[in-house]
Structure formats: C-alpha cells, structure tokens
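Engineer: Pasting in a structure now, in structure tokens, and then I'll have a few things to ask.
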Amino acid sequence: MQQTVPTHKKGFSLSRFMIYVSLWIGALISLFPFYWMFVIGTNTADKVNETPPALLPGSEMVRNFMKVMEQVDFFSALANTFITASVTTIGVLFLCSLAGFAFAKLNFPGKNIWFGLLLVTMMVPTQLGLIPSYMIITELGWLNDLKALIVPGLVNAFGVFWMRQYISDAIPDDVFDSAKIDGCSHFRIYWNIVVPTILPAFSTLGIITFMFMWNDFLWPVTVLTDNSIQTLQVAIRSLNDVRFTDYGMVLSGTFWATVPLVIVFLLFNKWFISGLTQGSIK
Amino acid sequence: MYREGAEQGLSPGLKRKWWTERKKEIFSGYLYISPFFILFAIFGLFPMLFSFYLAFQKWNGLGTFKYAGLSNLRFVLEDPLFWKSIYNTILFGILGTLPQIIVAIPLAILLNAAWLKLKGFFRMAIFMPYVTSVAAVAIVFSVIFSEQSSGIMNVVLSYIGLEPVSWKTTEWGVKVAISTMVFWRWVGYNTIIFLAGLQRIPPDLYEAATIDGARPIQQLWHITLPLLKPVIVFVTFLSTIGAWQLFVEPLIFYHRISGVREEAMTVVLYLWKEAFVNSAYGTASATAVLLFIIIAIFSILNLIFSKNIGRVN
C-alpha cells in the first residue's frame, strides 16, 4: 500500500515474525478450550485428574454421550433450542424491520418521541424486571412452555434501531415517494421494495438473534423449572449439577451443545463479522 | 381536514374522502411500531415498575402482599453479603474489562495491518469464543481452573515454578478464574469492534503523516488513538453495564446456587438467590431497585464522560 516509503527490506523481518507469533498464540488461546472440551469429552473421568492431564482425544466419545443421554434428553433439548431460536429470529426480522421501516420512511405525529423512548429502553437491563416477568409468565400459564422464551423476544429495541438506520440509508426517499404515487399500499412498499433491499441486514441481525437465543441462560433457567422441558443451556447446566461430577460426560454434553452453533457461525462467518463491524457503531 | 388536503395539493375529489392518504400513513406508522411497544409494556416496563412496588412489600411467592415499608431495603443494605456482592461485582468488572481493552486495541491494530496474511483465519479464531455460550465457557473453565494440583492451570503454574492455587476457595483465586472467563469470551468481540473503528479512519491521514516523516509510534499516538476514542468509550460503556449483570459464570463455577461461595457472589446472583431460593421476593426486588439505581448512575456518568470527550474532538 505505502510503496512510496519503504519502511523495511524484503525478506525476514523480526517485528513481523513477532507479530505472527503473538497472533498465533492469541488464536491458540481462543481455540484451545474448544479442543479441550473435545479431549475431555472423549476420555474417561479419571483422565481429567491425571498429571499431566490428557491432551489427546480418547476413545470414550460414544460412551460419554450415552451417559449424557441418561441424564438429560439431549435431542429434545436440541429441538427446543432450535425451535425457540428459529421462531424468535423470524419474528425479530419481520417485526423489527416493519417498525424500522415506519421510523425511517413514514410520517406520523409523535414519531420522534416514540423513537426516543425506544432508545431509552435499550439502556434498561432486563434483569431488573426478572421477578415480575416471572410472575406474568406464571399468570399466563406459560411456565415450562417454550412460549415463555419466544414471545418476549419477538421484537427488540436494538433490532428496530438497527433496521431503521439501515433502511434510511439503503432506500432513497424518491423511490418511496414514487411507489406511493403509483398507489402502492404501505405494506406493499414494505414487502416489495424494502424487504428485497435489506436482505444483507436481515442476515446479520438474523445471526445475532439466533446466536443470542441459542446461548441465552438466565431467562430460560428461570422459567423452565421442570426437567421435562429444557433448552441446551439449561440441560448442560443440569449435567453439571449432578453431585459427583463426571467431567467426561459433562464436557461431552457441552461439546455437542456447542457444535451446532459453531457450524452456523463458520457458515456465515464472513457476513457476520462484516455485518457486525458495519452495524454496531453508527 | 380540508386544509390538510389543500396543503398537500391533492385533487378536489380526494379532499372530501375521509380515509385520506395522510390518515393511512399515520395508521400504518402506529400499526408497524405497536408490536414493540406492546411487548415492551408487558415484558419490560410493567415488570420494572412492579419491581419498585414489590420492593416495599413482603411476599413469599404465595398468598397476598403485605406492605413492608422500607424494611426490605434496610434488610438488603444491612446484609454484609450484599455489600460483598457489590465489591465482588466491581472487582470482576475491573479485572474482566480493563485487560480486555488493553489487549483488544493492539490486537485490532495488528489485525488491520495491510500486509498480514491469514487475516480471515485470525479474525475468525479470535472471535470464536463469543460464539460459545456462557454456560459452556463456565463449565470448561471450571475444569481448567480445577482445585486439584492436576488441574491444567495448576500444571501450567507448576511448569513455571509456581505453587498451585485453590481457584475456588481463595479470594484472589476466584477473582482471577472468573475474570479470565469474562475476558476470554469477550476480548475477541471487542477486538472486532475496535477493528471496525480502525477501518473508519481515513487512510490518507496516515499517508500524509508518513510523508511528513512521522514514525509509526507517533502515528499511533497522534492519529489512531485519538480517532479511536469514541469506540473506546462505547466499548467501556457496554462492558461496565454488562459487568453489573454477571451471573452465569459464578453460578456454574460452583455447580449450583447453594454452592456459590461469598468470594464469587455477584449482585444479580444475590437477587436471584433471594427470589428463587429463599422465596423472599420483596428483598429480591429491593435488590433489583438498588441495582437499577447503580446502573442508572453509571450510565449517566458514562454519558457525561463521553459528551466531554466528544467536545474535545
């Protein structure tokens, strides 16, 4: 890039070598716990307590996973997590983009006040209403029901804010005006013009939401009190809750609960990181 | 209505129509934003206001509320465990956040270098921990920071000639173990945010500085860091708010809520224990109100701080 001023000679450069070394160390530290999960998850419990501890995968993969299945219904937890995360993601994409469209392109009295209120709600941590929220869910009869996880998450302030920014940048006002003159209804404009334009924003917000719902812990552990219905996070916690912890079994469950999301992440990695860097600070 | 139609220059036929374009737009606008505000009213605003009400009631989850005045607040404020949880939360916040920023900025600068090979791989690897759930992170790290001298962290310590540490039972062992979990999960995320900030700095600033003979370290000090300030403020803001909500890591580190030692007690854990273990919803809500006040003060301080920085620039 800066060819006018060569700051170093071609060939070996000590500082660059050191930079690569430190980046490799950083990458190894980041990836090691994933590898370690797999190592312990495929070894017997005794191997964890050996000195030095096992550093290579063992042969107990199947047996450890069978032990996981004895403790929790892994596949129904997987299904519950998948349903919760998918339905919420679809809801968030639809409702947040619709509201974002209204804030970006429609005119109605009090619009700025409502938008200001929306921004204020982003600063309020949800934990503060944890107990009354739990009471509402109890009143509705949604305790130990996936509805308790899905419905409160169907639309959020961050998503609306993000969609509004994206839509006001991506769609020029005259496109919107001419569609109106042609007699398109607002929903037709949203569906035929806005949605096809904001697909990149959909993919990023979709992955963020899916990931958040997949990993959420505090709320599921509060409203799913019965062992018959669990999400993966609640299930791996109950594995860890057993009095005499068999770490081979626990980490086997943890590993397989993490794998699906890692696959989703690796598939969408490019979109995700670039979308995050564009959208997070504006 | 007549005037409105005239202002918009609509044809005379439309003027007398009751269902005007203007009204349609208002209707659509409110219809489209209503799902958020309805859901927020039910699951956000109402619970929060109700927490304030509950903070002054005595209630064990069954039966009727009994007005309790300030006794809940007094109980919490006089409980040494509450103050210990505040102290711990602040310490976890500092130990988890500050090293993150110190590591994430240089890491982002390295990842932004034009000549770097395998850029995609390094960014992906460093971001991966963020994909892991907090529960999974806490389980893996509770094995890494095992009490036994055979625990992997203690083995590493013994290689460099240090004594094994009781990670779960000593004041600083607990602090280091839990802060490390927070650090590991978030440092990559913050690096990516800083990277985004770096990419926003116009490259011609560096070109001009290079032509003027500024050395890389001078460029870092006089261009990169000042222009990165708003992002640093943003990251600090989110991290401090997040730090007050620490809950999962200590809970899973000790397997179950009843096992959490006071060295690891955080404010949200204290709240959750009061409510869902002790069935003392009044004192739990009083804790929520106190937490709300603390976070509000921190947010305002952050806003004032970032406003001032904005003015300097």
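Engineer: If I model a spin label as a point 7 Å beyond the Cα along the Cα-Cβ vector, how far apart are those points for B:Ile211 and B:Ala41 in nm?
Structural biologist: Using points 7 Å along Cα→Cβ, the separation is 6.0 nm.
Engineer: Oh, and also: First obtain the Kirkwood hydrodynamic radius of segment A:14-65 from its Cα pairs, then insert it into the Stokes-Einstein equation at 37 °C and 0.692 mPa s, and state the resulting D in µm² per second as a whole number.
Structural biologist: It diffuses with D of about 260 µm²/s by this estimate.
Engineer: A further question follows. With a cut-off of 8 Å between alpha carbons and a minimum separation of six or more residues, what is the relative contact order of segment A:72-241 in percent?
Structural biologist: For segment A:72-241, the relative contact order is 46 percent.
Engineer: Let me ask another. Could you grab the relative contact order for chain B? Cα pairs under 8 Å, six or more apart, rounded to a whole percent.
Structural biologist: 27
Engineer: Work out the mean other chain Cβ neighbour count within 10 Å for the residues of B:202-212 and drop it here as an integer.
Structural biologist: Mean shielding by partner chains, rounded to a whole number: 1.
Engineer: Taking 7 Å along the Cα-to-C-beta vector as the label spot, tell me the A:Phe32-B:Arg74 distance in nanometres, rounded to one decimal.
Structural biologist: 5.2
Engineer: Using a 10 Å cut-off on Cβ to Cβ distances, tally the other chain neighbours for every residue of B:120-127 and report the average as a whole number.
Structural biologist: Whole-number average of other-chain Cβ neighbours for B:120-127 is 6.
Engineer: Place +1 on the Cβ of every Lys and Arg and -1 on the Cβ of every Asp and Glu in the protein assembly as shown, take the dipole about the Cα centre, and give the residue among A:Leu98, B:Ile300, A:Ile131 whose Cα lies farthest towards its positive end.
Structural biologist: Of the options given, the answer is A:Leu98.
Engineer: Something else about it: Which of the listed residues, B:Gly44, B:Trp19, B:Gly63, is farthest toward the dipole's positive end in chain B, when Lys, Arg count +1 and Asp, Glu count -1 at the beta-carbon?
Structural biologist: B:Trp19
Engineer: Hey, another quick one. How shielded is B:41-50 by partner chains, expressed as the average number of their Cβ atoms within 10 Å of its Cβ atoms?
Structural biologist: 6
Engineer: Please turn the phi angles of segment B:72-83 into ³J(HN,Hα) values with the Karplus equation 6.51 cos²θ - 1.76 cosθ + 1.60 (θ = phi - 60°), one per residue in order, whole Hz, x for glycine and proline.
Structural biologist: In residue order, the calculated couplings are 5, 4, 5, 4, 5, 5, 9, 7, x, 5, 4, 5 Hz.
Engineer: Among B:189-201, B:289-301, what's the highest-first ranking by average C-beta atoms within 10 angstrom per residue? Don't jump to the answer; show the numbers that get you there.
Structural biologist: Details: B:189-201: 20.5, B:289-301: 15.3.
The packing order, highest mean first, is B:189-201, B:289-301.
Engineer: Now for a different question. How do the peptides B:233-244, A:98-109, B:62-73, B:20-31 rank, highest first, by the average count of neighbouring beta carbon atoms within 10 Å per residue?
Structural biologist: A:98-109, B:233-244, B:20-31, B:62-73
Engineer: If amide hydrogens are placed 1.01 Å from N in the peptide plane, which non-local residues have theirs closer than 5 Å to the one on B:Gln57?
Structural biologist: Residues meeting the criterion, in which the H sits 1.01 Å from N, are B:Ala68.
Engineer: Extent of segment B:72-312 along each principal axis, from alpha carbon coordinates, in Å, largest to smallest?
Structural biologist: For segment B:72-312, the Cα extents along the three principal axes come out at 67, 47, 29 Å.
Engineer: Still on this structure: In whole Å, how far is the Cα centre of segment A:204-265 from that of segment B:98-151?
Structural biologist: 20
Engineer: Report, please, the projected area of the protein assembly as shown averaged over directions, based on the convex hull of its C-alpha atoms, in nm². Don't skip to the end; give the middle numbers.
Structural biologist: Details: hull surface 133.2 nm².
So the Cα hull casts an average projection of 33.3 nm².
Engineer: Computed FRET efficiency, Cβ-Cβ of B:Phe27 and A:Leu140, R0 51 Å: what is it to the nearest 0.05? Display every interim value, and only then the final one.
Structural biologist: Numbers: r = 29 Å, r/R0 = 0.57.
Here the calculated transfer efficiency is 0.95.
Coordinate-derived values only; no laboratory data. Everything numeric in this text was worked out from a predicted model, so none of it was measured. Virtual Cβ from ideal backbone geometry, glycine too; neighbours counted across all protein chains shown.
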